[in-house]
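Below: one structure, written as structure tokens.
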Amino acid sequence: MERHSCGSTIKTMSNEAFIFIALESGTRLDSYIAEKVPGLSRTKGQELIREGMVKVNERIARASTKLNAGDHVKIHLPVPQDMLLPQDIPVDIIYQDADVIVVNKPAGMTVHPVPGQTGNTLVNALLARIPEFPERDSMRPGIVHRLDKDASGLMVVARNHRAQLDLIGQFKARSVSKSYLVLVRGLLRPSNGVIEAPIGRDTRNRKKMAVVSHGEGRDARTHYHVIRYLGDYTLLEVKPETGRTHQIRVHLSAIGHPVAGDRVYGIKSDSLARMFLHASRLGFKLPSSSEAVEFTSPLPPELERVLEDIC
């Protein structure tokens, strides 16, 4: 039996199903599902489509199908053989109540299991502390937004299904406020600006995202403000208006100011030990009371040392 739940996964007898609602028109089905499902390549997505494991509005579709806004896309994936297990991994919980947990994720930690990494994730760590997570048989229980593995900072995780749907709704409505502290190469001018450019899969490397032409990707907007200039670097406060995969990194790289330490979209020879991208501020409404709350996280010591070294 399937149990539909907006924005989250549903479990069937033999596979895990992801259901998404397309918000924009014109994206190819294979590109769309590769972007939506973590760890799913476009090639693997095309295989699933050929096998009839992907449906659009409950009908089997072709990889080249162009989606329309409002289309329901259902993707069936094989259930991982290994069950999602709790692991005693340290995690910095800065707030929790009956509905949500706010954590300070360290750099180097993957948020939830993906193909090739089924353990040592934030979800594994939280399961050891909060066993009543919603959708326990999903590989990403309670997860409502992303933070790159090599980034650090604030994330909110739902503790029950009702809270999960509430938070998903807030993110879709773009009522969640997010700010990041980012160090980029070069002196970025003007000191305030908005980067507006669609983002889609890089046609030369399907594991990467890129700024693409209109109609080939999804609209994306990133606001930035210069905090200060430091030698050949610029420290920014960045506020993404949309939430595309790798949005901040792709947008800043596209204008010639890649994130310091980013070896994917930046300079491979960069000497920084980690990417200088930190989710420093997160605001949302508590699902139970609709009370507006905001949390802050200072730069971790290793990033403070980077600033000291270049001053």
Checklist line | Average Cα contact separation per residue, the chain, under 8 Å, 6 or more apart, as relative contact order % | finding: 14
Notebook entry, point to check: Tell me, what ³J(HN,Hα) does each residue in segment 284-290 have, in order and in whole Hz, if you take phi through Karplus 6.51 cos²θ - 1.76 cosθ + 1.60 with θ = phi - 60° and put x for Gly and Pro?
Noted result: 7, 9, 5, x, 6, 10, 6
Check: Which of these, GLN46, GLN170, GLN117, has the largest mean-square fluctuation under a Gaussian network model of the chain (Cα springs below 10 Å)?
Finding: GLN117
Next item on the list: May I ask for the distance between the Cα centers of segment 273-287 and segment 221-256, given as a whole number of Å?
Entry: 14
Next item on the list: Which order do the peptides 51-61, 17-27 take when ranked by the mean count of other beta-carbon atoms within 10 Å per residue, highest first?
Entry: 17-27, 51-61
Checklist line | Distance (nanometres) between label positions extended 7 Å along Cα→Cβ at ARG221 and SER289 | finding: 3.2
Checklist line | Cβ-defined net charge surrounding TYR265, 12 Å radius [Lys, Arg +1; Asp, Glu -1] | finding: +1
Checklist line | Helical contribution to [θ] at 222 nm, DSSP H n ≥ 4, -39,500 (n - 2.57), averaged over the chain, rounded to 500 | finding: -5000 deg cm²/dmol
Next item on the list: Return the long-range amide H neighbours of LEU236 (sequence gap of 5 or more, or a different chain), with a cut-off of under 5 Å between placed amide H atoms.
Entry: VAL182, LEU183, VAL184, ILE227
Check: Using the Karplus equation 6.51 cos²θ - 1.76 cosθ + 1.60 (θ = phi - 60°), what ³J(HN,Hα) coupling, rounded to whole Hz, does each residue of segment 229-236 give in order, writing x for Gly and Pro?
Finding: 9, 10, x, 9, 10, 10, 8, 10
Check: Amide H to amide H under 5 Å from LEU272: which residues, 5+ apart in sequence or cross-chain, H placed 1.01 Å off N in plane?
Finding: GLY261
Next item on the list: Would you grab the residues whose amide H sits under 5 Å from the one on GLY119? Only those 5+ places off in sequence or on another chain, please, with H modelled 1.01 Å from N.
Entry: none
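A short reminder: the numbers here are calculations on the coordinates, not readings from a lab. In this text the structure is predicted, and so the values were computed from the model without any measurement. No Cβ is skipped: glycine too gets one built from the backbone with ideal geometry, and neighbour counts run over all protein chains shown.
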